Amino acid sequence: MSTNKKSVIILSSVILVVLVTFVLLSLFTGRVQMSDDNTVGNTAGNLNNGGLFCENDGVVFFSNAYDNNSLYCMNPDESQIQKLNGNYVNSINAGGKYIYYYMESGTNGSGLGFMSRTAGIYRSDRNGKHTACLDRTFAVTMQLCGNYLYYQDYNTKTGTKLSKIKIDKTDKATIADYVINPVSFVNGTIYFNGTQEDHALYGLNTRSDTINKIWDGNIWNPIYSDGYVYYMDVANNYRLCRYSMSENAVEVLTNDRVDSFNVYDYYIYYQKNSKTEPELRRMYIDGSNNEVVASGVYENINITSQYVYFNLFGESTPVYRTSTYGGVNVNTFESARNAALENTK
């Protein structure tokens, strides 16, 4: 065999190996990595309050109100803040290799890419790269349940229904053609209140997508935690109660009328509804040690391992925060404001 023929064969072999390696690498890197079936994307309390903060594996992902609700991340102590994308986000979830969120583009920014407004459910790497749209829809709220996103899917023709889609953008399905809040997910079950014939407690088995009534209460925004379901008591002026699953018993935690609440570890933070003395308050999960956090009407109560974040009703900024544990010490989320200013220079 001549030297030229040997050179051609060697070169062809090298090219073939490079091509095969490239194809295999593309297939491997393009494959979506699945999570554990019991993965939960965010706490139910955070998602009921807009899903503006989500802590996962030592990182807090958040919607920065000082920068048009763009997606940022930071350490739980608010250090090392980074901007991940410049579009409006909420309903933030995280699990495994990815973060998930509802995003609207075209609501801020400039240029040709912002001439039309689009909305949908998106997945990206934890650094904000490799963003993929899973469903172009208006999603009211959503929860990552294992390897599926369950979400309230809204359009003007059919109203709001419950849908799901796998994190690799396959297996989209309608679960119910009516409103179901999917945020309270624990060990394969979504706990939710009825919206059709009653406000009883129901369970949606995510392995079979079957629904069963659990308890004949009159409840709103249930949050399951450690054998209890915390809820707003519809029949009794929306006071806050908890229902023991094991004992089939109800405890009244406060007689205050509650606008919104969040459960985290051994604390409950809630907004007290009052014409004369509206307050953000907190108490232990058994209702004891009830105290004022801040006077006024607040919303978007989101909790991480170190801070509780909230804002005045109807005013996205300033964002206030206090320590999740220990004494109350309310001040503003200055590191987020400073980061936003740096990113707009």
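Taking GLY58, GLY203, GLY287 as the candidate residues, the one with maximal mean-square fluctuation in a Gaussian network model of the chain, Cα springs under 10 Å, is GLY58. Each of ASP153, ASP198 was scored by other Cβ atoms within 10 Å of its Cβ. Arranged with the fewest first, they read ASP198, ASP153.
Full extension of the chain between GLU197 and THR118 yields a length gain of 25.0 nm, computed as 0.36 nm times the residue separation minus the alpha carbon distance. Working from label points 7 Å from Cα in the Cα-to-Cβ sense, the ASN329 to ASN218 distance is 4.4 nm. Rounded, prolate or oblate: which fits segment 38-343, taking a ≥ b ≥ c as square roots of the Cα gyration tensor eigenvalues, rounded meaning a/c under 1.5, else prolate when a/b beats b/c? It comes out oblate by the Cα gyration axes.
Taking a ≥ b ≥ c as the square roots of the eigenvalues of the alpha carbon gyration tensor, segment 38-184 is oblate, as a/c is not under 1.5 and a/b does not beat b/c. Exposed loop sites were defined as GluC sites (Glu not before Pro) in DSSP loop states (anything but H, G, I, E or B) carrying at most 16 other C-beta atoms within 10 Å; in the chain the longest segment without such a site runs 1-196.
Backbone N atoms of segment 47-65 closer than 19 Å to the 7 Å Cα→Cβ label point of GLU342 belong to residues 59-65.
Remark: the Cα gyration tensor places segment 223-345 in the prolate category, a/c being 1.5 or greater and a/b exceeding b/c. Here are some pairs, LYS164/LYS213; LYS169/LYS213; LYS97/LYS164; LYS129/LYS169; which of them have Cα atoms lying more than 23 Å apart in this structure? Listed pairs above 23 Å: LYS169/LYS213.
Spin-label model, THR317/TYR267: points 7 Å from Cα along the beta carbon direction are separated by 2.5 nm. Sequence-distant contacts, meaning Cα pairs under 8 Å at least 6 residues apart, place the relative contact order of the chain at 11 percent. With helices as the sole contributors, the chain gives -4000 deg cm²/dmol at 222 nm; each DSSP H run of n ≥ 4 counts as -39500 (n - 2.57), and the sum is divided by every residue.
The slack in the chain from ASN75 to ASP286, taken as 0.36 nm per residue of separation less the alpha-carbon distance, amounts to 72.9 nm. For an R0 of 35 angstrom, estimate the FRET efficiency from the Cβ-Cβ distance between VAL59 and THR156 and round to the nearest 0.05. So, using R0 = 35 Å, E works out to roughly 0.45.
Laboratory data are not the source of any read-out in this text; all were calculated from the coordinates shown. Small disclaimer: the values here were computed from a predicted structure and weren't measured. Ideal geometry is used to build each Cβ from the backbone, glycine not excepted, and the neighbour counts take in all protein chains shown.
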